1. Over 29 Å from Pro39 (Cα atoms), out of contact with any Asp or Glu (no Cβ under 9 Å at 6 or more places or on another chain) and open to solvent by less than 10 Å² (accessible area, probe 1.4 Å): does that describe Thr166?
2. Considering each residue of the range 52-87, count those that are open to solvent by less than 60 Å² (accessible area, probe 1.4 Å) and basic (Lys, Arg), and give that number.
3. Checking the conditions here, which among Thr97, Thr90 is open to solvent by 50 Å² or more (accessible area, probe 1.4 Å), in contact with a Pro (Cβ under 8 Å, 6 or more places away or on another chain) and of a type outside the set (Gly, Ala, Ser)?
4. What pairs come out if I take residues in the range 256-284 that are closer than 20 Å to Ala182 by Cα and free of Cβ contacts under 8 Å to residues at least 60 places away in the same chain and pair them with residues that are of a type in the set (Phe, Trp, Tyr) and surrounded by 18 or more Cβ atoms within 10 Å (Cβ to Cβ) whose C-beta lies under 8 Å away, six or more apart or interchain?
5. Just to be sure before I move on: is Val285 under 23 Å from Ala66 (Cβ atoms) and surrounded by fewer than 22 Cβ atoms within 10 Å (Cβ to Cβ) in the structure I sent?
6. Which residues, taken from the range 101-124, are over 20 Å from Glu245 (Cβ atoms), touching a residue at least 12 places away in the same chain (Cβ under 8 Å) and open to solvent by 10 Å² or more (accessible area, probe 1.4 Å)?
7. Looking at the structure I just gave you, is Leu209 among the aliphatic types (A, V, I, L, M) and buried (at least 20 other Cβ atoms within 10 Å of the Cβ)?
Amino acid sequence: GDLDSVPAREFLAEVIEGLLDFLQVQPELVVADAHPDYPSSWLARDLGDRFGAGVMHAQHHLAHAAAVLAEHGRFPEVGECSLGIALDGTGWGPDGTAWGGEWLSLGGDLSWQRMGHLEPLPLIGGEAAVREPWRVAVAALVAAGEAELVASTPLAEQIGEERLETMIRLAADSSWPMASGAGRVFEAAGALLGVGEVNRWEGEAAARLEAVADRAGQPAEPWPGLEIEDVDGSPRLPSTSLLVEVARRAANGEAPASVAAGFHATFCRLAVELTDAVRGDIGVVALGGGCAVNRILCAQLSEGLEDLGLEVLLPCNVPPGDGGLSYGQAAIAAV
């Protein structure tokens, strides 16, 4: 959950104390997210010091993938390797940037590698861009040299000319933090269609986009002209180009349901192509992360991956988002 407030952090500590007392155990190993400055990471260090326990840090999206693999009893043995696709909001990457759309190989010896990812997008205002995904949408169009499209999208009616001009000007600054989160891309698409310019709760714009896509009544055909990019030998899903196409179609008057359905179909087609590029001889792929609550995404992506001959594992009893993160962390620590 959200540990930004002092009461939330105090409650987490209280729950841990209650569990330790109820179970009559003393921890030998404490596992936390790899982010060095999460409140949960601070607490893990404190508990380690208190009990003389080891402290282990698990990368956020690796834990998402591990949760799905472990739930199905398919965590790789030593000498084996599985592929995890973590389509999520934000998690700390070991390169110091925000990850969230990741293709990760995981070995039974806990060796792992980032095989591919989504194209990072600027977060204008940092955390403010997570709450207001229209900022991400504008930044993507500015980065693509397509800022003039914004005024013709439903987003312009929601935000107003003055705020849009300010954001376009701010987007020209190249110093904003970058994030490769799939959630940011889905939310930005929802913002462009005028169905979710602000997140009043986590992932609201993405959920509204899914609902609009569902109104199309049937799966759309993927859009042509969008291809996986190669950046320094690593495949990358072109988030910016995908959002430009959303804006262009919305500006041309295409129905929001049609655009939303086409966005989902195109994202899934690109995700399948990226998977095919990195899979090697891996036969099992686990799909996790907060975006895995999207039924359209899971259904279309699973179908495409199965057409490649892959066995697809989806979250069932363990929540796909951060509610299942500790399960994945425990699975990694238990190896």
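1. no
2. 0
3. Exactly one of Thr97, Thr90 is open to solvent by 50 Å² or more (accessible area, probe 1.4 Å), in contact with a Pro (Cβ under 8 Å, 6 or more places away or on another chain) and of a type outside the set (Gly, Ala, Ser), namely Thr97.
4. Sorted first by the residue in the range 256-284, then by its partner, the pairs are Gly262/Trp223; Ala265/Trp223; Thr266/Trp223.
5. No, not satisfied.
6. Ser105, Asp109, Leu110, Trp112, Arg114, Met115, Leu123, listed by residue number.
7. Yes; evaluated as a whole, the condition is true for this residue.
Each row is one residue, and each column tells you yes or no for (1) buried (at least 22 other Cβ atoms within 10 Å of the Cβ); (2) in contact (Cβ under 8 Å) with a residue 12 or more places away in the chain.
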{"site": "Glu127", "(1), (2)": "no, no"}
{"site": "Pro133", "(1), (2)": "yes, yes"}
{"site": "Val138", "(1), (2)": "yes, yes"}
{"site": "Pro154", "(1), (2)": "no, yes"}
{"site": "Gly160", "(1), (2)": "no, no"}
{"site": "Leu192", "(1), (2)": "yes, yes"}
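The values are calculated or read from the model by the stated rules, or taken from the named source; none is laboratory data. The structure presented is a predicted model; accordingly, all values stated were derived computationally and were not measured. All Cβ positions, glycine included, derive from the backbone under ideal geometry; neighbour counts span all protein chains shown. We work out accessible area using only protein heavy atoms, side chains counted, and drop any ligands, DNA or RNA first. Shrake-Rupley method; radii C 1.70, N 1.55, O 1.52, S 1.80 Å.
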